[in-house]
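Asker: Pasting a structure below so you can have a look.
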Amino acid sequence: VGQDSSVRLVVDESDASVVSRIFDMFSSGHSLKRIARRLNAEGVPSPQPQLGRIQRSWAPTAIRQILLNEKYIGNVVWNRQKKVRNPKTGKRVYRARPESEWMRNLAPELRIVSDELWNGVQRRFEYVRSHFGPNTKAGLIPHWSRVSSPYLFSGILHCAECGASMNI
């Protein structure tokens, strides 16, 4: 932090190699869960501990956040959310702002991922959303967590008596 209270972002080369690897793995067809498991198995340090845990480990949500972060193509985005007071609880909470209010600043020195790789990853996200998202036709897998399951009928088969999902 400088005298003008600004923060200067710099690329950490070891972190950059992990980010590049995550993009490569996802673009080559690995699921978010599979990438997280592989990084954990290899002992790659995660950015921060999962909520409620002391030990640092990778989670699929962290992988997703990295893959959707424009910073890795040299775009710094801020003003995505605002802090407001919840009238019921009195606590301050974050609320998303419309994308039209977001501020963007080009920072090519922060680029880790090529436009080609970034666009490929975003296309894959869109494909998965359109084919497996919550608004898909009946009969298709409706949740992201089920997409990465190695079992064909995960989350689809239910017990006729109690309605619970069948598990292996």
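Asker: Equivalent-ellipsoid semi-axes (√(5λ), Cα gyration tensor) for segment 73-117, whole Å, largest first? If you can, show how the numbers build up before the last one.
Answerer: On the way: eigenvalues 205, 19, 15 Å².
So the three semi-axes of segment 73-117 are 32, 10, 9 Å.
Asker: For segment 32-114, max minus min Cα coordinate along each principal axis, in Å, sorted largest first?
Answerer: Cα extents, longest axis first: 45, 37, 17 Å.
Asker: Oh, and also: Using amide H atoms built in the peptide plane, which far-off residues or other-chain residues are under 5 Å from GLN81 H to H?
Answerer: HN-HN under 5 Å from GLN81: ARG97.
Asker: Let me ask you something else. Find out how many positive minus negative residues lie around ALA96, taking Lys and Arg as positive, Asp and Glu as negative, among other residues whose Cβ is under 12 Å from that of ALA96.
Answerer: Working: positive: ARG80, LYS82, LYS83, ARG95, ARG97; negative: GLU99, GLU101.
Summing Lys and Arg as +1 and Asp and Glu as -1 gives +3.
The numbers here are math on the coordinates, done by the rules we state, and not lab data. This structure is a prediction, so every number in the text was calculated from the model and none was measured. Neighbour counts run over all protein chains shown; Cβ positions are idealised from the backbone, glycine included.
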